[in-house]
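> Pasting a structure here, questions to come.
The values are calculated or read from the model by the stated rules, or taken from the named source; none is laboratory data. Quick caveat: nothing in here was measured; it's all calculated off a predicted structure. Counting neighbours? That spans all protein chains shown, and the Cβs are built from the backbone with ideal geometry, glycine included.
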Amino acid sequence: MSLKSAPFWWVICDDCGASAQESSDVSAWMRQDVAVDEALAQDWWIADRHDDDRGKDYCDDCVSKHDIWYCEGCAELKRIVRDDGARWCSECAVSLAREEAKQ
Ligand SMILES: [Zn+2]
Ligand SMILES: [Zn+2]
């Protein structure tokens with residue numbers, strides 16, 4: 001018998017501890033990037049994929065506790081730096097400020 005084991009991957013929320021595979025049929029993935037893609041598809045925040053230097057991953061329930069929302073400008077899940085009724089990521093807040101300066 002040649003029995004082998006492989007590493008398995010799944011993403012855990014750094015806030016509440018939820019697992020990204022909970023709502024999936026799969027308990028873990030053979031590939032790290034697939035596990036991350038699955039979490040992203042569920043509106044999770046993956047610090048690595050967003051170049052977020054805080055390095056924390058959050059589930060879709062916890063993102064808003066960390067100022068992460070869908071930006072009104074680019075419609076992407078981003079860390080929000082400006083909230084005046086609409087939520088803006090840093091890139092969009094800068095271009096918005098530029099627009100306002102012109103007026
Ligand atoms: Zn969470
Ligand atoms: Zn934006």
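> Could you go through region 88-97 and let me know if any residue there is in a loop (DSSP other than H, G, I, E, B), away from ligand 1 (no atom under 16 Å from the Cβ) and more than 21 Å from Ser23 (Cβ to Cβ).
No, the conditions are met nowhere in region 88-97.
> So is Ser64 surrounded by fewer than 17 Cβ atoms within 10 Å (Cβ to Cβ) and in contact (Cβ under 8 Å) with a residue 12 or more places away in the chain or not?
Answer is no for this residue.
> Here is a follow-up. Please state which of the following conditions Gln21 fails to meet, knowing it meets all the rest: (1) surrounded by 14 or more Cβ atoms within 10 Å (Cβ to Cβ); (2) part of a loop (DSSP other than H, G, I, E, B); (3) at pLDDT 95 or above; (4) not aromatic (Phe, Trp, Tyr).
Gln21 satisfies all of (1) surrounded by 14 or more Cβ atoms within 10 Å (Cβ to Cβ); (2) part of a loop (DSSP other than H, G, I, E, B); (3) at pLDDT 95 or above; (4) not aromatic (Phe, Trp, Tyr) except (3).
> Among the listed residues Asp48, Asp57, Asp14, identify the single one that is touching a helix residue (DSSP H, G or I) at 6+ places or on another chain (Cβ under 8 Å), more than 30 Å from Arg98 (Cα to Cα), more than 16 Å from ligand 2 (Cβ to nearest atom) and not polar (S, T, N, Q).
Every option except Asp57 fails the conditions.
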